[in-house]
Amino acid sequence: MSNILVKTCLNSLPSKIGRFSSFSFVQPLQVVYGKIYSETPTSKQFHTSPKMNSSIMNGNLWETDPELYEVIKKEKERQRSGLEMIASENFTSVPVLQCLSTCLHNKYSEGMPHQRYYGGNEYIDEIEIMAQQRSLAAYRLDPEQWGVNVQPYSGSPANFAVYTGVVEPHGRIMGLDLPDGGHLTHGFFTANKKISATSIFFESMPYKVDPVSGLIDYEQLAITAKLFKPRLIIAGMSCYSRCLDYKTFRKIADDNGAYLMADMAHISGLVAAGIIPSPFEYCDIVTTTTHKTLRGPRAGVIFYRKGVRSVKANGQKVMFDIENKINQSVFPGLQGGPHNHAIAAIATAMKQATTPEFVEYQKQVVKNAQRLCSGLVSRGYSVATGGTDVHLILVDMRSAGLTGSPAERILELCSIACNKNTVPGDKSALNPSGIRLGTPALTTRGLKEADIDRVVDYIDKALKIAQEVTKISGPKVADFNKTIEESADFKAKITKLREEIENYSRAFPLPGFETY
Ligand code: DSN
């Protein structure tokens with residue numbers, strides 16, 4: 001049966017009746033997954049297909065590739081038995097994991113819903129539209145005012161797509177400097193090298209935090225923006241523990257005729273829950289990953305304004321014209337086929353983001369971060385900006401006579417995952433003074449404030465071992481590792497603490513770990 005004939009049959013279905021529930025209306029031939037039935041198929045016929053007689057195609061991973069499976073099992077055990085405190089990580093839900101391993105993975109669908117370059121996309125269209133509608137709903141956005149592209153593979157491609165679409169080649173962008181808490185894709189470069197492609201293909205001027213307060217220096221940003229005249233300003237961060245002042249960003253952007261883009265990747269769960277200020281009131285464009293606080297799949301999303309941008313003195317309306325620019329920049333500009341399994345997972349994650357349970361989770365994430373902060377401060381550690389409004393804190397390890405690298409290393413040896421990070425005023429991203437700690441993943445496992453007190457105790461114990469080691473080794477990580485390796489006493493102390501932490505951690509559940 002030709003595709004045209006199949007289409008004709010489908011088009012003739014009564015519009016209010018679902019395609020598969022209406023087989024009895026289409027006679028005499030039925031087409032299901034390419035099979036032609038002379039009678040209406042029973043649900044058994046519909047749901048079953050002959051089992052493929054191929055061990056590589058139909059066998060389980062643990063049978064077809066035990067070598068790889070063994071390593072995956074080790075990673076699973078590492079996740080289960082460790083305390084995951086990397087601020088950008090989380091444990092996603094079973095429905096998201098289920099979407100990620102569906103047949104949607106098999107389909108090419110370049111283009112936008114109902115405008116594809118491949119056939120067979122009727123259900124993919126339905127799923128992508130669902131992901132779009134739910135993304136707008138999760139942030140309470142009016143579809144007349146906002147559009148969304150759910151195809152970016154992740155946050156970095158999403159940001160690059162925005163710059164490609166709305167900033168001219170070598171046009172100017174301004175973002176928070178990476179050592180001050182910004183992201184690579186906010187235009188990072190050093191004195192010697194343009195590190196990120198966003199500083200190679202666009203001209204980038206960073207703004208900074210005040211080195212004493214650790215807060216974004218909006219006054220200096222306004223002065224620099226006036227001189228630099230950026231086409232786009234990025235309000236976003238990778239390691240900044242305070243809410244952003246979007247209203248001030250907006251004013252600076254308006255004063256210079258710039259677009260304002262928020263990169264809310266880290267905080268998008270908190271924004272969806274409505275527990276911190278939303279960037280949507282002030283921004284023209286908002287990008288996010290979907291796997292951090294939002295707790296969805298590893299993917300990216302771009303929201304963009306539609307409708308009236310401004311009204312001239314003579315009453316003439318100036319309209320936003322960024323919808324097509326951004327969509328075309330994602331595809332065909334930068335990407336090929338959308339990852340449809342990830343788009344389905346975005347749809348279900350955005351649905352979860354509207355539930356009361358999700359709001360409670362996000363509130364607990366912040367409470368836990370604040371408890372982590374106060375616990376460490378009470379033990380003498382210095383935290384950038386003195387606190388946190390969000391899901392992360394930045395601890396200045398110089399307050400414990402350490403730097404970021406040995407601190408990260410000792411915590412890793414004790415099964416606590418975090419990352420070394422620059423603190424305000426640091427000169428080198430390779431040898432930073434701090435560590436970044438976040439609570440989204442621990443909160444997903446069910447830890448509450450009292451549990452965080454215990455985590456603070458573990459962190460403190462580990463860092464005290466690091467202090468002892470560095471008295472002998474000095475600050476270099478290679479020497480630090482060697483000193484531990486050569487000391488039975490240090491190894492015993494670390495092993496004892498690690499076992500205690502791992503036993504504690506294993507008591508907290510993980511979504512889907514029994515099944516996946
Ligand atoms: N790598 C992420 C982070 O850790 O913040 C951002 O892309």
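Before moving on, here are some points about what is shown:
- Those strands (runs of 3 or more DSSP E) of the stretch 252-367 in which 2 or more residues are buried (at least 22 other Cβ atoms within 10 Å of the Cβ) and either within 16 Å of the ligand (Cβ to nearest atom) or modelled with pLDDT of 95 or more (or both) occupy 259-263, 285-289, 300-305.
- Subset of the stretch 86-104 [within 16 Å of the ligand (Cβ to nearest atom) and either at pLDDT below 95 or not aromatic (F, W, Y) (or both)]: I86, A87, S88, E89, N90, T92
- The lone exception for R398 - which of (1) closer than 26 Å to Q467 by Cβ; (2) surrounded by fewer than 18 Cβ atoms within 10 Å (Cβ to Cβ); (3) out of contact with any Ser or Thr (no Cβ under 6 Å at 6 or more places or on another chain) it fails: (3)
- Scan of the stretch 163-195 for residues that are closer than 15 Å to T422 by Cβ, within 15 Å of the ligand (Cβ to nearest atom) and either assigned to a helix (DSSP H, G or I) or hydroxyl-bearing (S, T, Y) (or both), ordered by number: L178, P179, D180, L184, H186
- Residues that are within 15 Å of the ligand (Cβ to nearest atom) and not in a helix (DSSP H, G or I) within the stretch 389-408 comprise V390, H391, L392, I393, L394, listed in sequence order.
- Every listed requirement among (1) of a type outside the set (A, V, I, L, M); (2) at positive phi; (3) within 16 Å of the ligand (Cβ to nearest atom) is met by S415 save one, (3).
- Selected residue (only one of T470, T439, T483 is in contact (Cβ under 8 Å) with a residue 24 or more places away in the chain and out of contact with any strand residue (DSSP E or B) (no Cβ under 8 Å at 6 or more places or on another chain)): T470
- Of all residues in the stretch 470-504 being of a type in the set (A, V, I, L, M, F, W, C) and closer than 23 Å to V455 by Cβ, the one that is nearest to the chain's Cα centre (by Cα): I501
- If you filter the stretch 152-184 down to residues that are out of contact with any Asp or Glu (no Cβ under 8 Å at 6 or more places or on another chain) and polar (S, T, N, Q), you find that the one that is farthest from R231 (Cα to Cα) is S154.
- Residue among T443, T495, T515 that alone is at pLDDT below 95, within 19 Å of S81 (Cβ to Cβ) and of a type in the set (S, T, N, Q): T515
- Pairs linking a residue in the stretch 157-185 that is touching a residue at least 12 places away in the same chain (Cβ under 8 Å) and at positive phi to a residue that is part of a helix (DSSP H, G or I) and crowded, with 22+ Cβ neighbours inside 10 Å, with Cβ atoms under 9 Å and 6 or more positions apart or on different chains, are G181/A384.
- Hey, P152 part of a loop (DSSP other than H, G, I, E, B), surrounded by 24 or more Cβ atoms within 10 Å (Cβ to Cβ) and either within 16 Å of the ligand (Cβ to nearest atom) or touching a residue at least 24 places away in the same chain (Cβ under 8 Å) (or both) or not: yes
- Residues within the stretch 162-194 that are at pLDDT 95 or above, over 13 Å from C239 (Cβ atoms) and of a type in the set (A, V, I, L, M), tallied: 5
- Checked against (1) more than 22 Å from the chain's Cα centre (by Cα); (2) among the hydroxyl-bearing types (S, T, Y); (3) surrounded by 23 or more Cβ atoms within 10 Å (Cβ to Cβ), S428 passes all but a single condition, namely (3).
- Residue selected from the stretch 431-449 under the condition crowded, with 18+ Cβ neighbours inside 10 Å, more than 16 Å from the ligand (Cβ to nearest atom) and of a type in the set (S, T, N, Q), by the criterion nearest to S238 (Cα to Cα): S433
- The stretch 232-279 - residue that is among the charged types (D, E, K, R) and more than 25 Å from the chain's Cα centre (by Cα) and, of those, nearest to A87 (Cα to Cα): K251
- Residue check, F160 more than 22 Å from F280 (Cβ to Cβ) and within 16 Å of the ligand (Cβ to nearest atom): no
- Near pairs, Cβ below 7 angstrom, 6+ apart or cross-chain, from the stretch 89-109 (among the β-branched types (V, I, T)) to any residue that is in a helix (DSSP H, G or I): V96/A345; V96/T348; V96/A349; T102/H341; T102/A344
- Only one entry in S109, S93 is touching a helix residue (DSSP H, G or I) at 6+ places or on another chain (Cβ under 8 Å) and surrounded by fewer than 22 Cβ atoms within 10 Å (Cβ to Cβ), namely S93.
- Subset of the stretch 227-245 that is without any contact (Cβ under 8 Å) to a residue 60 or more places away in the chain and surrounded by fewer than 20 Cβ atoms within 10 Å (Cβ to Cβ) - its residue that is nearest to the ligand (Cβ to nearest atom): D245
- Of the candidates E449, E485, E468, E500, the single residue that is among the acidic types (D, E), at pLDDT 95 or above and closer than 15 Å to S81 by Cβ is E500.
The values are calculated or read from the model by the stated rules, or taken from the named source; none is laboratory data. What you see is a predicted model, and the numbers here were worked out from it, not measured in a lab. Neighbour counts are summed over all protein chains in view; Cβ atoms, including those assigned to glycine, are modelled from backbone coordinates with ideal geometry.
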